[in-house]
Amino acid sequence: MSTQTDLQAETPPREALKSHYEALIIGAGVSGIYQLHRLVQLGVNTLVVDTADGPGGTWYWNRYPGCRFDSESYTYGYSFSEELLEEWHWKERFSSQPENLKYLEYVVEKFDLRKHMHLGCGVESTLYDEDANVWRISLSTGETVTCDWFIPCLGLLSAPTTPRLEGMNDFTGPSFHTYHWPKEPVDLAGKRVAVIGTGATGVQVIGAIAPIVGQLTVFQRRPNWCAPLNNSEISDEEMDEIRKNYEHIFEVCSQTPGGFIHEPDRRGFNEVSAEERRAMWERLYGEPGFGIWLQNFREIFTDEEANAEFSEFIAEKIRSRVNNQRVADQLIPKDHGFGVQRVPMETNYYEAYNYDHVELVSLQETPIERITEDGIRTTDRDFEFDVIIYATGFDAITGSYDRIDIRGRGGVPLKDKWKDGPNTFLGMLVDEFPNMILIAGPQSGSASINFPRSIELSVDWATQLLQHVWENNYNQFEATSDAVAEWAAHVEKMYSLVLMRKAKSWFTGYNSNVEGRDHSKPRYLVYNGGQPKYRQKVLDCEADGYRGLSFS
Ligand code: NA7
């Protein structure tokens, strides 16, 4: 299997490291880039470290066919620079990975950030040194640097996981996780290809490669409720219109629970007749993006009956798009309703199963026994493949923290502290881990929403906090354990209000591929209270003189 290490053959030239930085950021993705920009603007001596040999984070790594936004492109871009908004032309309503990567590279170049980045270099461990009041950062290249302020910007889905199957290294052809899709083009034309996994990623890959491969076998453990993306190009005229409307667009995004352009229907589910509901769903099914999920009635998220009626509407759509009704039935989820997991947005996904050369294998009926030299053996038969694609998801949010040895006061590992599930204050601070700010950490408002909309808030808040520290000549800041406990209780309460709490998905830390993961209770990884409430909490903390933090 290809891994991260294989992809780092060409390490870019780097400037010599200093021994000490005021701030050190891990991650040159969407949040790391913006955090770096804010600190550089303030003249803070900052270093960004990333294992990738270029900036872009998620959009650097995920190079698989079909990879694109599920947010409207013009709602995903940064809002902090009017000049940038004026200059950038989004070409598609839901922009593809190559374009998204170009965008982030453009931002890095425009704001001259590259020179602060030490790329192609991982962080192995970080230790808070109490005596010196610095963080000691050990790099994969053998160097150690120190910093005053440690800011992990690790992203939500940056710790990919593969199944724990016998024989994974025996397969003689190319095989890789979608996150580690090779940089050089992979020729799939006419090939016999296996895709394992039918989450948002698998659904994008399958729709994109089905028309070109010779044979495609999809190994599905549990189906997902998917909805059409309805992507289209953005003309020059449309882009001009979007530019004029940016202020309004970002204002709308700031008011919606998910930070998207889609505002929930404020009418009660039962205030509207069944016919009217259906007519609305028909309309939304044909419209772009998450409208079908987020412009829906609020009861879809909270009420089993409302959710079941809507799920049946989507099930009918699946039956109407897939010719073979046995396959259609296999593609309809039976263990959860629509939208309790993040909805994979698809383009020709269901139609892919109408090709003669595409086969769906239900792993519930015939599980995989092992990977062989030639392909995959299920309990039913041996399949031969040229390429195996693992679209098997991530150890979400905490996984990337667990992969670095992060130790706070008294040398306590963060991994141990979060053994039974993470707890933070506002998703940004952890008690006993002074001078550390997580951007889009566990229990922040960033995960369930249009990511950049929330990270701009978090980065601005973090920057403001550091300014407060400097202005008051503090050496240390830290969340109190009471504040962390209070936030954890609030996060849990927000889960109790939505059907999402029952989902076996990355939102609740479900991942069968992580050895030793206890699934007897959910891990509360994301803040489900909606973005306006999250913003209010964050701003209230600041307005109340950073209530919940201690300074010294
Ligand atoms: P997801 O949504 O976690 O999906 C992973 C898929 O892989 C899902 O269908 C899993 O089935 C399947 N899977 C995972 N492990 C296995 C094993 N061992 N055997 C068979 N099948 C397996 O990750 P994605 O990358 O698709 O999407 C993540 C997010 O990226 C998405 O929400 C968007 O926000 C963007 P399961 O459902 O667990 O039975």
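A compact table of results
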| read-out | value |
| --- | --- |
| Failed criterion for Gly173 (all others in (1) of a type outside the set (A, V, I, L, M); (2) open to solvent by less than 30 Å² (accessible area, probe 1.4 Å); (3) in contact with a Pro (Cβ under 9 Å, 6 or more places away or on another chain) hold) | (3) |
| Residue match in segment 489-496 (condition: under 24 Å from Gly339 (Cβ atoms), open to solvent by 10 Å² or more (accessible area, probe 1.4 Å) and within 16 Å of the ligand (Cβ to nearest atom)) | no |
| Tabulated pairs, segment 184-200, first touching a residue at least 24 places away in the same chain (Cβ under 8 Å) and in a loop (DSSP other than H, G, I, E, B), second open to solvent by 20 Å² or more (accessible area, probe 1.4 Å) and polar (S, T, N, Q), C-beta under 7 angstrom, 6+ apart or interchain | Gly197/Thr392; Thr198/Asn224; Gly199/Asn224 |
| Unique match (being charged (D, E, K, R) and within 14 Å of the ligand (Cβ to nearest atom)) among Arg535, Arg547, Arg517 | Arg517 |
| Residue check for Gly411: more than 26 Å from the chain's Cα centre (by Cα) and surrounded by fewer than 21 Cβ atoms within 10 Å (Cβ to Cβ) | yes |
| Residue, most open to solvent (accessible area, probe 1.4 Å), within segment 120-142, restricted to residues that are over 18 Å from Glu478 (Cα atoms) and part of a strand (DSSP E or B) | Glu124 |
| Complete set of residues in segment 437-448 that are among the hydrophobic types (A, V, I, L, M, F, W, C) and surrounded by 24 or more Cβ atoms within 10 Å (Cβ to Cβ) | Ile437, Leu438, Ile439, Ala440 |
| Residues (within 14 Å of Asp402 (Cβ to Cβ) and open to solvent by 40 Å² or more (accessible area, probe 1.4 Å)) located in segment 143-156 | none |
| Which numbered condition Thr508 fails, given (1) modelled with pLDDT under 95; (2) open to solvent by 30 Å² or more (accessible area, probe 1.4 Å) | (2) |
| Scope segment 507-541; condition small (Gly, Ala, Ser) and touching a helix residue (DSSP H, G or I) at 6+ places or on another chain (Cβ under 7 Å); matching residues | Gly529 |
| Residue ranges of helices (runs of 4 or more DSSP H) in segment 35-109 with at least 2 members open to solvent by 30 Å² or more (accessible area, probe 1.4 Å), within 18 Å of Ile242 (Cβ to Cβ) and outside the structural domain of Ser454 (by TED's automatic domain parsing) | 82-87 |
| Pairs with Cβ under 6 Å, 6+ apart, first in segment 143-154 and outside any strand (DSSP E or B), second of a type in the set (D, E, K, R) and open to solvent by less than 10 Å² (accessible area, probe 1.4 Å) | none |
| Which numbered condition Glu492 misses (of (1) in a loop (DSSP other than H, G, I, E, B); (2) closer than 30 Å to Glu299 by Cβ) | (1) |
| Residue check, Ala194 modelled with pLDDT of 95 or more, within 25 Å of Ser505 (Cα to Cα) and in contact with a Cys (Cβ under 9 Å, 6 or more places away or on another chain) | no |
| Scan of segment 183-202 for residues that are within 19 Å of Ser362 (Cβ to Cβ) and more than 7 Å from the ligand (Cβ to nearest atom), ordered by number | Val193, Ala194, Val195 |
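The values are calculated or read from the model by the stated rules, or taken from the named source; none is laboratory data. Everything numeric in this text was worked out from a predicted model, so none of it was measured. With ideal geometry, Cβ positions are generated from the backbone for all residues, glycine too; neighbour counts draw on all protein chains shown. Only protein heavy atoms, including side chains, enter the accessible area calculation; ligands, DNA and RNA are left aside. Shrake-Rupley method; radii C 1.70, N 1.55, O 1.52, S 1.80 Å.
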